[in-house]
Amino acid sequence: MNRVDKFASKAKEYDTLQRRLLTAKAIANKIRVNINLRKDMHIVDFGSGTGLLLESLAKDIAKVTAIDISPSMTNILREKSIPCKLDIKEIDLTKEDLDLKVDGIVSSMTIHHIRDVQALFKKFHKMLKSGGFIAIADLDSEDGSFHSVDTGVEHFGFDRKEFIDLAKEAGFTNIKIEDATTISKPHKEFNVFLLTASKE
Ligand SMILES: C[S@@+](CC[C@H](N)C(=O)[O-])C[C@H]1O[C@@H](n2cnc3c(N)ncnc32)[C@H](O)[C@@H]1O
């Protein structure tokens, strides 16, 4: 399929930026505090990129399905040794469906690249077993200066109340949102939240 790989120029250096590693670790720790991960769990990492989030969670679960549209990012993940089963799906989840029923869906710093977040949340809800969870980390509303180039950016972060409402509308319950970490860039600090919720 012919599509533009918007992360092609970033992929090679992606893991060399210390702040990205620290952000993914902080989000993984926050997920662990909020979600009881188990060694028999199969989870999806949506927008898994080079795998920074999933590699921090892998030792606590059985399997991760990494979903990402970017060949350049997933090629870096393929080179890594991940301490659980790993299945990589190189697809645009907004355009394709996956016939999966998983225990949880995690995602870090990806939802602001998605135009129709409501439709995606509904898709997440379908992909979960009952009792399953979502744990989604992204930027609080920002002034547009987080990205130096806006290609592929659909939202300048999110208003927390509106984000919660999207999850509610998609059928999620036990919705909770809290501070996850802060990303320090030379010109500014950006807050990252973690939303957790479950499917009944
Ligand atoms: C900023 S990166 C975050 C990567 C990783 N989660 C992390 O925290 O380091 C966003 C990722 O989302 C992926 N992505 C964006 N839109 C997508 C879509 N519609 N379907 C699947 N992956 C997508 C991009 O290719 C990219 O790898």
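The values are calculated or read from the model by the stated rules, or taken from the named source; none is laboratory data. Predicted model, so just to flag it, every value in this text is computed and none were measured. Cβ placement follows ideal geometry from the backbone for every residue including glycine, while neighbour counts extend to all protein chains displayed.
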Answer from 155, 187 - the residue that is more than 18 Å from residue 110 (Cβ to Cβ) and out of contact with any Ser or Thr (no Cβ under 6 Å at 6 or more places or on another chain): 187
From 180, 167, residue being of a type in the set (Gly, Ala, Ser), in contact with a helix residue (DSSP H, G or I) (Cβ under 9 Å, 6 or more places away or on another chain), surrounded by 13 or more Cβ atoms within 10 Å (Cβ to Cβ) and within 21 Å of residue 93 (Cα to Cα): 167
Residue check for residue 91: part of a loop (DSSP other than H, G, I, E, B), within 28 Å of residue 182 (Cβ to Cβ), at pLDDT 95 or above and of a type in the set (Val, Ile, Thr): no
Flag for residue 105 being out of contact with any Asp or Glu (no Cβ under 7 Å at 6 or more places or on another chain), buried (at least 18 other Cβ atoms within 10 Å of the Cβ) and either touching a residue at least 12 places away in the same chain (Cβ under 8 Å) or not aliphatic (A, V, I, L, M) (or both): yes
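Residue by residue, here is whether (1) surrounded by fewer than 16 Cβ atoms within 10 Å (Cβ to Cβ); (2) within 11 Å of the ligand (Cβ to nearest atom); (3) among the small types (Gly, Ala, Ser); (4) under 19 Å from residue 195 (Cβ atoms) holds:
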| residue | (1), (2), (3), (4) |
| --- | --- |
| 13 | yes, no, no, no |
| 35 | no, no, no, yes |
| 76 | no, yes, no, no |
| 79 | yes, no, no, no |
| 82 | no, no, no, no |
| 87 | yes, no, no, no |
| 92 | yes, yes, no, no |
| 97 | yes, no, no, no |
| 100 | no, no, no, no |
